Amino acid sequence: MPLPRIAIYGAGMIGSYLGGRLHDYAQVRFIARPGVATSLAEHGLAVSDLHGYRQHWTSDALDIGTHAGAARDADIVLVTVKSAATAQAAHELAEVLACGTLVISFQNGVRNVAELRAALPHCRVLAGMVPFNVTQPQPACFHQGSSGQLIVERSTALAPLLPLFAASGLPLLLHDDMQAVAWAKLLINLNNPLNALSGLPLREQLSQRAWRRCLALLQREGLRALDLAGIRPGQLTALPTQWLPTVLSMPDALFHRIAARMLAIDPLARSSTWDDLQAGRQTEVDYINGEIVALAASKGSRAPANARVIALIREAQQTCMRWDGRSLLRELTHAR
């Protein structure tokens, strides 16, 4: 039986890593921006994780494309573009995908699946979530720096894929309420711009109470907005989501004792927002912190600390300014 054809639409860090893990178990086509495609063609592809997994493929073992037409014959399309590019990606895929093609969104944010479904009514579009961090320590080398299991919307269409993903080291956890999952992930991702502003690796940043208190402040605004909207976020960590701000605010010794698993991160891992700032790319801050600001406003409320973080990221795109945790905590507290 031929291997399923999987197109990775938006093969950046997340997409290239997922495609690498799946490479030996499916016919994987990496559809990427020209710069990424050139890097894969020059260096091949290497993927690794914090548990010791290592694999490398030479460029002649890779199937690389740069246009939507490369997804035309795919059985499954994994969409991993940045949130700002979802509308364009959906439009491009609508012109080439066959009726019934399975499309899974492995993107940050809470709006992407709705955009894809609106543009691809002839496809089966499912929500997915990537809980772990991926960095690129060297060209065409993608490293999973934290733990977690892929979550996908429950569907009978996934039945033949479950063994494939499990064999690749990416077992799928099926979930019935992906809105709850997406909002829970967004609350965790509120740390992405903080990490970028710190200039520190994630583990070092989260080891410092001042930075955790900044995140707790942002999450409290988020939880308040969600409560006003009648949305209950899911639970993605060992602790209930509503407890996270309290635990994050604890003194270092107590936090390390109660929430040590939150620091089970590769020492060099950083957030995707940090990577975007370093590369001069548009960040996803409007699709993360901006969602909290917008949701609060829709309910007649405010999320001033999250709004201030958005403004600081835009300033950082021009000045590359870094903050220390205590100074930023004062800045965010004053914003409120």
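Taking amide hydrogens as placed 1.01 Å from N in the peptide plane, the amide H of Val134 sits under 5 Å from those of Gly145, each at least 5 positions away in sequence or on another chain. Annotation: amide H of Arg29 within the under-5 Å range of Ile6, Ala7, Ile8, sequence separation 5 or more or interchain, hydrogens built in the peptide plane. Note on exposure: His51, His256 ranked by accessible area (1.4 Å probe, complete protein assembly) read His51, His256, with the most exposed listed first. Assuming a ≥ b ≥ c are the square roots of the Cα gyration tensor eigenvalues, decide whether segment 277-336 counts as rounded (a/c under 1.5), prolate (otherwise, with a/b larger than b/c) or oblate. Oblate, since a/c reaches 1.5 and b/c is not below a/b. Exposure check, 1.4 Å probe, all protein chains in place: Glu331 carries approximately 50 Å² of accessible surface. Ranking Ala118, His51, Pro240 by how far each Cα lies toward the positive end of the dipole of the chain (charges on Cβ) leaves Pro240 at the top.
Please state the shape class of segment 235-336: rounded when a/c is under 1.5, otherwise prolate if a/b exceeds b/c and oblate if not, all from the C-alpha gyration tensor. It comes out oblate by the Cα gyration axes.
Taking the accessible area of segment 203-336, probe 1.4 Å, and keeping the other protein chains in place, the carbon and sulfur fraction comes to 50%.
Taking amide H atoms as placed 1.01 Å from N in the peptide plane, the amide H of Leu174 lies under 5 Å from those of Val152, each 5 or more residues away in sequence or on another chain. A Cα-only calculation for the chain places Rg and Dmax at 19.5, 62 Å. With the Cα gyration tensor of segment 166-240 giving a ≥ b ≥ c as the square roots of its eigenvalues, does the rule (a/c under 1.5 for rounded; else a/b larger than b/c for prolate; else oblate) give rounded, prolate or oblate? Taking the square roots of the gyration eigenvalues as a ≥ b ≥ c, segment 166-240 is oblate. Stretching Glu331 away from Gln242 to a fully extended chain increases their span by 29.6 nm, per 0.36 nm per residue minus the current alpha-carbon distance. Between Ile288, His143, Leu158, the Cα set farthest toward the positive side of the dipole of the chain (charges on each charged residue's Cβ, about the Cα centre) is that of Ile288. With 0.36 nm allotted per residue and the present C-alpha distance subtracted, the Ala157-Arg302 stretch has 48.1 nm of extension available.
P(r) tail for segment 153-199, what percent of Cα pairs lie past 17 Å? When every Cα pair of segment 153-199 is considered, 55 percent fall beyond 17 Å. Could you give me the percent of Cα pairs per 5 Å distance bin for segment 98-188, shortest bin first, beginning at zero and ending with the bin that holds the maximum distance? With a bin width of 5 Å, the distribution comes to 3, 12, 21, 23, 20, 14, 6, 1. Note on segment 1-100: semi-axes of the ellipsoid equivalent to its C-alpha gyration tensor, largest first and rounded to whole Å, are 22, 16, 13.
Given a 1.4 Å probe, how much area per residue of the chain is accessible, in Å²?
Accessible surface, normalised per residue, equals 44 Å².
Among Ser301, Val77, Phe30, which residue has its Cα positioned farthest towards the positive end of the charge dipole of the chain, with +1 placed on the Cβ of Lys and Arg, -1 on the Cβ of Asp and Glu, and the dipole taken about the Cα centre? So the residue furthest toward the plus end is Ser301. Across the accessible surface of segment 1-104, with the other protein chains kept in place and a 1.4 Å probe, carbon and sulfur atoms take up 53 percent. Here segment 49-170 is treated with +1 on each Lys and Arg Cβ and -1 on each Asp and Glu Cβ, and its dipole about the Cα centre works out to around 340 debye. About its Cα centre, the dipole of segment 247-301 is roughly 220 debye, where the only charges are +1 on Lys and Arg Cβ and -1 on Asp and Glu Cβ.
The values are calculated or read from the model by the stated rules, or taken from the named source; none is laboratory data. As the structure is a prediction and not an experimental result, all values here were calculated from the model. Backbone-built Cβ (ideal geometry, glycine too); neighbour counts: all protein chains shown. Ligands, DNA and RNA are stripped out before the accessible areas are found, and what is left, the full protein with its side chains, is counted by its heavy atoms. Shrake-Rupley method; radii C 1.70, N 1.55, O 1.52, S 1.80 Å.
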